[in-house]
């Protein structure tokens, strides 16, 4: 009898040693849902941006994020609208984090342009994160945007000094009832493509900006845009014509 009790106790100890905590259900191991998807019209195209999730749906640290699926739904008239129909959502783009083709990254935020959106049409977008095993997390909440006529192109003036280059954006004549909600400035080195992300990270409330910390002897390429608020939907103008500039010689 004592021998049987000893064997039973040994089996319990072995089983306890192998436990690392409660097992996680498979749905808790997928990437967490994207919660900050945003849409912005730039010129005649729509820009989507969102932040990479850092956690699994169950709360654990996410270490195997592989990419995203971007889905788009073209909103129909009320009598025909059906977001739950099988063909309502179309794949717009697969994003592979190992090969960011047509995607820009700034820190943990991604930017994608939808250049196929049609003027006057309303769209909904949603994002799903995928891990390296191909397992998808929950879709983000959809964001909606109706494509507006492009705004007029602004004019950019640059004023170099020995320590900075002043950028001044002239909004010109905006459509009636619209006024600037902000201004954006973009910079690249000469010969390089302008980024999708503004020089200051976000739009500015004022139409001018002093760009400092530049390399003497380097030539830069600048462009500017204006942003208006269409009932909660931000719209950026086509960018100004690009202007080359370099720091002025020291006094």
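Miscellaneous remarks
- Close pairs (6 angstrom Cβ cut-off, 6 or more residues apart or separate chains): over 20 Å from residue 201 (Cα atoms) in the stretch 99-116, outside any loop (DSSP other than H, G, I, E, B) anywhere: 114/46; 115/45
- Failed item in (1) over 17 Å from residue 91 (Cβ atoms); (2) at pLDDT 95 or above; (3) buried (at least 16 other Cβ atoms within 10 Å of the Cβ), with residue 142 passing the rest: (1)
- From the list 76, 92, the lone residue that is free of Cβ contacts under 8 Å to residues at least 60 places away in the same chain and under 26 Å from residue 195 (Cβ atoms) is 92.
- Filtered residue count, the stretch 167-196, keeping only those that are without any contact (Cβ under 8 Å) to a residue 40 or more places away in the chain and more than 22 Å from residue 229 (Cβ to Cβ): 6
- Here is the figure for the stretch 84-95: residues that are outside any loop (DSSP other than H, G, I, E, B) and surrounded by 11 or more Cβ atoms within 10 Å (Cβ to Cβ) total 4.
- Filter result for the condition that a residue is surrounded by fewer than 11 Cβ atoms within 10 Å (Cβ to Cβ), in contact with a strand residue (DSSP E or B) (Cβ under 9 Å, 6 or more places away or on another chain) and modelled with pLDDT under 90, over 59, 107: 107
- Within the stretch 155-194, the set of residues being surrounded by 13 or more Cβ atoms within 10 Å (Cβ to Cβ), farther than 16 Å from residue 238 by Cβ and modelled with pLDDT under 95 comprises 181 only.
- So residue 51, is it modelled with pLDDT of 95 or more, assigned by TED's automatic domain parsing to the domain that holds residue 105 and surrounded by fewer than 17 Cβ atoms within 10 Å (Cβ to Cβ): yes
- Qualifying residue in the stretch 117-131 (condition: under 17 Å from residue 238 (Cα atoms) and either surrounded by 14 or more Cβ atoms within 10 Å (Cβ to Cβ) or in contact with a helix residue (DSSP H, G or I) (Cβ under 6 Å, 6 or more places away or on another chain) (or both)): yes
The values are calculated or read from the model by the stated rules, or taken from the named source; none is laboratory data. These numbers were taken from a predicted model, which means no experiment stands behind them. Virtual Cβ from ideal backbone geometry, glycine too; neighbours counted across all protein chains shown.
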